[in-house]
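See below for the structure under consideration.
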Amino acid sequence: MTDVTAAKATRNMIFLVLVASLGYFVDIYDLLVFSIVRISSLKDLGLNEQQITDKGQFIISVQMFGLLLGGIMWGIIGDKLGRIKVLFGSILLYSIANFANGLVHDVNTYAIVRFIAGIGLAGELGAGITLVSETLSKENRGYGTMMVAVIGLFGATAAYAVAKFGWRNAYFVGGGLGILLLLLRIGTFESGMFKNEKNSGAAKGNIRILLTNWTRFKKYLFCILIGAPLWYVIGVLISFSDKFGIALGAKTLIKPGDGIFYSYIGIAVGDVVAGLLAQFTKSRKLTMATFLLLSLVSVHFYLSSKGITPEKFAMLSFFMGCTVGYWATFVTIASEQFGTNIRSTVTTTVPNFVRGLLIPIIMVFNLFKAHYGDITAGYIMMGLLTIISLFSLSQLKETFGKDLDYVEIS
């Protein structure tokens, strides 16, 4: 390879990582904007305090269900037609949904549009991580996926900042960012492994390959379960911090939007530390285990903070965010576990199934809450999810530095 060719290849890889990162930025913006504007938007639609909680849980559950369906759809498309098709199609769908969200005037329409947005959101991260993992060298792909997560996670801080100018404007801006990214993606190149795999004769994007082989299915299930505590922390403990604040005796409203803002700064920091730790130890499993245990500690500090103040909540949100900053590491582990012909399906569905786990997590949390109250229920759920995640992690093989150029035989 000549110096000119090598330089061009390097520029292409940098551009690819940048485009995937910005895609995740817009993805996170749209994914969390509802949690940030939940109270203000539902209050503006005429709901009372209890309805804001109940309908808020309903809308976020509907959005997560859309993510579940979208994860399957985009994952299969990514394996059958290419990773680039997903990057274009998913962002177009959720950009349109964002514009529509800024125009809603009732709860049911709000929920329907968030469902459509959820379908669109489901494709971004999996396609981006798959493309980066298959394009960068096995020694450097950890750095690439780390950068995707770090840049992407600041989408939450952008959503927090824009939401100050009104919840409808927050959705309009999200739609505009998606369209701009769509234009930027013109010229993005396809994964070389996907192109080579076209001639392998292996079944592509066939989800039955995962479901009909018990060993493969268990591995897939364990990949999902290792990420469950993260979305519990964000989707319950922080997104409904106004209720936890009351249970802890806060004298001032504890705003979920503030928690989202600070926790995602923490997650970005945590993702850098997790990425570097994995590169240093050459072990993604050790990194995940360390962060899972630290997240248990951070949640304890949060749930034991009697008389919590907004200032203390901000610090604890940042701390909890740091300790669940293993998102990129977790998704990379899933991507590295399976062959090229179903890698997009796995890498796209796994994070969305984790997000979708929020639906049963909220249901089980509410059952515990009815018997023991918010705080005790918070402890029980975090303990159970951490035990499940650590066990699941122990059942997976270490994949750091693994060659990804292979296919799964059905």
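Just so you know, all these numbers are worked out from the coordinates, no wet-lab data involved. Nothing here was measured: the structure is a model prediction, and the numbers come from that model. Cβ sites come from the backbone with ideal geometry, for glycine too, and all protein chains shown count toward neighbours.
Over the alpha-carbon set of the stretch 62-131, divide Rg by the Kirkwood Rh and report the Rg/Rh ratio to two decimals.
On the way: Rg = 12.3 Å, Rh = 11.9 Å.
My calculation of the ratio gives 1.03.
For the stretch 234-353, take every pair of Cα atoms, bin their distances at 5 Å starting from 0, and report each bin as a whole percent.
Per 5 Å bin, starting at zero, the Cα-Cα P(r) for the stretch 234-353 comes out as 2, 12, 19, 19, 16, 13, 9, 6, 3, 1, 0 percent.
For the chain, find the longest principal axis of its Cα atoms and tell me its angle to the long axis of helix 358-394, 0 to 90°, nearest 10.
Approximately 20 degrees, to the nearest 10.
Going by how many other Cβ atoms sit within 10 Å of their own, how do Arg284, Arg343, Arg216, Arg208 line up, fewest first?
On the way: Arg284 28, Arg343 32, Arg216 19, Arg208 10.
Result, fewest neighbours first: Arg208, Arg216, Arg284, Arg343.
Could you work out, for the stretch 29-84, what percent of all Cα-Cα pairs fall into each 5 Å distance bin, beginning at 0 Å and stopping at the bin that holds the largest distance?
4, 18, 20, 17, 13, 9, 8, 7, 4, 1
Return the single residue from Ser263, Ser95, Ser304 with maximal mean-square fluctuation; model: Gaussian network over the chain, springs between Cα atoms under 10 Å.
Maximum fluctuation in the GNM of the chain, among the listed residues, is at Ser304.
Which distance in nm do the two modelled labels at Lys397 and Lys312 give, with both placed 7 Å along the Cα-to-Cβ direction?
Here the modelled spin labels are 4.8 nm apart.
Can you tell me, using C-alpha contacts under 8 Å and at least 6 residues apart, the relative contact order of the chain as a whole percent?
Working: 748 pairs, mean separation 102.2, N = 410.
Rounded, it is 25 percent for the chain.
Please give the charge dipole size of the stretch 22-85, origin at the Cα centre, charges +1 on K and R Cβ atoms and -1 on D and E Cβ atoms. Round to the nearest 20 debye.
Details: 6 positive and 6 negative charges, 47 e Å.
That gives a dipole near 220 debye.
No solvent, one uniform scatterer per C-alpha: report log10 I(q)/I(0) for the stretch 279-332 via the Debye equation at q = 0.18, 0.20 1/Å, two decimals.
One equal scatterer on each Cα of the stretch 279-332 leads to -0.62, -0.71.
Can you pull the three principal axis extents for the Cα set of the chain, in Å, largest first?
Principal-axis extents of the Cα atoms in the chain, largest first: 65, 44, 42 Å.
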